[in-house]
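The values are calculated or read from the model by the stated rules, or taken from the named source; none is laboratory data. Here the structure is a predicted model, which means the values were calculated and not measured. Cβ: placed from backbone, ideal geometry, glycine included. Neighbour counts: every protein chain shown. Keep in mind that these areas ignore ligands, DNA and RNA; they rest on the heavy atoms of the full protein, side chains included. Shrake-Rupley method; radii C 1.70, N 1.55, O 1.52, S 1.80 Å.
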Amino acid sequence: MRNLLLKVAYVSCALSIVGLANAQQVSKRPQSAASGSWQRIQNAPPQGISVPLLMTDGTIMCHSPLSSNWYKLTPTNTGSYVNGTWTKLAPMQSDYGPLYYASAVLPDGRVVVIGGEYNLNQGGVWTNKGAYYNPQTNKWNVLAAPTGWTGVGDAQCQILPDGRLVLANLFDTRMAVLNASTMTWSALQGTGKFDRFDEEGWVLLKDGTIITCDAINAPHAEKYVPSLDKWVSAGDTPASLCDAGSQELGPMILMPDGKVFAFGATGHNAIYTPGANPTDPGSWVAAPDFPNVNGQLDIADGPAVMMPNGKILAYASPGVFNSPSHFYEWDGTALLEVANLPNSAGNPSFVGNFLPLPNGQIMFTDFSSDIEFYTPTGGPKDAWRPTITSVPSTVVVGKTSVLKGTQLNGMTNGAGYGDDSSNNSNYPLVRVTYKSSHHVVYFRTHDHSTMAVQTGTKQVSTNFDVPANAELGPASLEVVASGIPSLPVDVTISKDGLKPTGVGMYEGIGSTGGIPEITSSDNTYFTVDSVNAGASGQISSAWVTFQAGTSISNMQVDFESNVSQSVQILAFAYNWATGKYETIGNAKQSSVDSTTSLTVPDASKYLSGTGQVNLLFRAINPNRSNKAAAFPITLRLDKVSLTAG
């Protein structure tokens, strides 16, 4: 909130200039032997951009500051972002063009943007305007601020492990949580906060708490415990990380060992170790200071990012909002200067933003159209990788599949900044590499079972959509979290799932049709007319069999159906160990065709020794008002398929 005219002047300049003077001065600085390398994007965006957001389909969504414009970077079919292409997305509402705001990618894949220290050409207004974006429809909708909040500005936000987005009021200690179903806010108690949120940054820890270093009450630190809806002490940093004049702080980064590296706006840095319990204060130790390079380097607003190799890349500059800037890597013991960029000669640290990409590179933006990609040396430890424990061996175009595994959300939040920017990327992406064409694509993930980090051996999951126009054939599938991929598994992308090997009436007075009718998509059906079962009412049901191979761990059942009366269809699978049908799902049905997809975990018990799966579809009235009814129920089934994994 300080030095507003200086910050906005830098941004206005950066939006119109690519490359600055004194580039040789910063490029000739000594570099670590372990330094990575930079590549400039081949196709520059139409405007200067900032705040790169990783979408769950592997594309990157970027904002043009002080405007309502957004652009999407799509990697090539070889997975290259350096050679990727830009697409202009739908703009936000015309009266909303923020700079320094809160943003997040929700578990369902939508994007939330709210607040802004600046808005369009209005100067420092700390707007309470907001919007949310649906990438499936390329459409923005207005998002109202929490009730009673006249300003949001450059507020903090964080998605909790349960998927809820929490937002801070920077002017005081109020907090609100977003209901993603209604896109409305509810107040949290958030009791116990020592000082207002202004200038602070938030980081999600392994135990689900949020840590922050106080700006007003420096050098104190605090943690928010969601289960208690209260703040507790997190001790004091060894030296103040907050610049007393500007109240600025630097970014905080969660490391794979569960500790947090906190960069200071004073040149001092610190490392936090959480306690055994969420309410424990934990402990702090001093980390190495930044060096003095024609002035004490620090990060008074600015970016840092955890790289796949376990090192942190940070962007530091002298004092508060001064240039030039330098890139440093924290390797666990020291801060080492690494390769720099020409624009750094005129850049203060606050213009930078990082984003870890699924290919292991780090994307860097600085409000200009000069987008750079850093390739670090080395790779991740195997213990940091996500693992796949269950995914269908055949996935079908136009369908949604479930992937299960461990550590799908990664070992870190991704990038950090402070209070002016938020672009966490702790969610799984699904990457597919085709064995014939070698094309690389990402299938959109959504509705992850958790947004927690460092989930260890706990089984978690995500859903992924196979596009209707996806390339067919054998492929390798990986799940990627914060640039670290799992080991690949073999899958086949198919136009259709397994076809039934048999179909027949189970309960009813008569049936018509057979395999051709139940597999075709020409509005022909296998039909069953119900039997009047007296006290049990009118019932019609059909069995369907599949030959699913010798081993499955999960399965997806898809079918199209309609009924002559509005009832429910119950779906069952035959347990060969118990000799009984077990419920695997249900769906409301009417006289209009309806497509249903059911995901069945732990499906091995439904596979016979000869590889057969038996399913049963049963039409029943959910309120049983049709008991002993005179009218019949006709069940019609079509396009029944099974995908086994």
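For the range 28-127, applying the loop criterion from DSSP together with a ceiling of 12 other beta carbons within 10 Å to the trypsin sites (Lys or Arg not before Pro) yields Lys28. The residues of the chain expose, per residue, 36 Å² of accessible area to a 1.4 Å probe. Estimated from the Cβ-Cβ distance and a Förster radius of 51 angstrom, the FRET efficiency linking Asn134 and Ala334 is about 0.70.
Taking the average, over residues, of other Cβ atoms within 10 Å as the packing measure, peptides 161-169, 591-599, 303-311 rank 303-311, 161-169, 591-599 from highest down. Only aspartates and glutamates eight or more places from Lys139 in sequence, or on another chain, were considered; those with a Cα closer than 18 Å are Asp57, Asp95, Asp108.
Between Asn523 and Thr375, the distance separating the two model label sites (each 7 Å from Cα on the Cα→Cβ line) works out to 5.6 nm. Projecting the Cα atoms of Ser393, Thr462, Gly148 onto the dipole axis of the chain, where Lys and Arg carry +1 and Asp and Glu carry -1 at the beta carbon, places Ser393 farthest toward the positive end.
Excluding same-chain neighbours fewer than eight residues apart, the aspartates and glutamates reachable from Lys381 by a Cα-Cα span under 17 Å are Asp257, Asp331, Glu478. Note on His438/Ser604: beta-carbon distance plugged into 1/(1 + (r/R0)^6) with R0 of 35 Å gives a FRET efficiency of 0.60.
Going by the alpha-carbon gyration tensor, a ≥ b ≥ c the square roots of its eigenvalues, is the chain rounded (a/c under 1.5) or, if a/c is not under 1.5, prolate (a/b greater than b/c) versus oblate? Prolate.
Here is the list for the range 413-458: trypsin sites (Lys or Arg not before Pro) lying in DSSP coil, each with at most 13 other C-beta atoms within 10 angstrom of its C-beta, are Lys435, Lys458.
Using a simple spin-label model with pseudo-atoms 7 Å out from Cα toward Cβ, Ile216 and Thr191 lie 1.9 nm apart. Ligands, DNA and RNA left out, the 1.4 Å accessible surface of the range 127-280 is 49% carbon and sulfur atoms.
For the pair Asn77 and Ala535, a Förster radius of 56 Å applied to the C-beta separation gives a FRET efficiency near 0.40, rounded to the nearest 0.05. For the chain, the dipole from Cβ point charges (+1 on Lys and Arg, -1 on Asp and Glu) about the Cα centre works out to 1260 debye, to the nearest 20. In plain terms, the chain from Gln547 to Asp382 could stretch by 55.7 nm, reckoned as 0.36 nm per residue minus the Cα-Cα distance. Relative to the current alpha-carbon distance between Ser227 and Gln568, full extension at 0.36 nm per residue lengthens the span by 119.0 nm. The loop-placed trypsin sites (Lys or Arg not before Pro) in the range 353-412, going by DSSP, that have at most 16 neighbouring Cβ atoms within 10 Å of their Cβ come out as Lys381. One chain, two ends: Thr273 and Ser476. Fully extended at 0.36 nm per residue, the span grows by 69.3 nm beyond their Cα-Cα distance. Think of the range 525-627 as a dipole: +1 on every Lys or Arg Cβ, -1 on every Asp or Glu Cβ, centred on the Cα centre; then among Gly611, Val592, Ser566, Ser566 lies furthest on the positive end. Computed per residue of the chain from DSSP H runs no shorter than four, each worth -39500 (n - 2.57), the mean residue ellipticity at 222 nm is -1000 deg cm²/dmol. Across the range 415-524, counting alpha-carbon atoms alone, Rg and Dmax equal 20.7, 69 Å. Charge tally around Val441: other residues with Cβ under 11 Å, Lys/Arg +1 each, Asp/Glu -1 each, net 0. Between Asp490 and Ala587, the distance separating the two model label sites (each 7 Å from Cα on the Cα→Cβ line) works out to 3.1 nm.
Across the chain, Cα pairs under 8 Å and at least six residues apart give a relative contact order of 12 percent.
Rank Leu642, Gly534, Ser325 by how far each Cα sits towards the positive end of the charge dipole of the chain (+1 on Lys, Arg Cβ; -1 on Asp, Glu Cβ) and give me just the farthest. Going by the charge dipole, the pick is Gly534.
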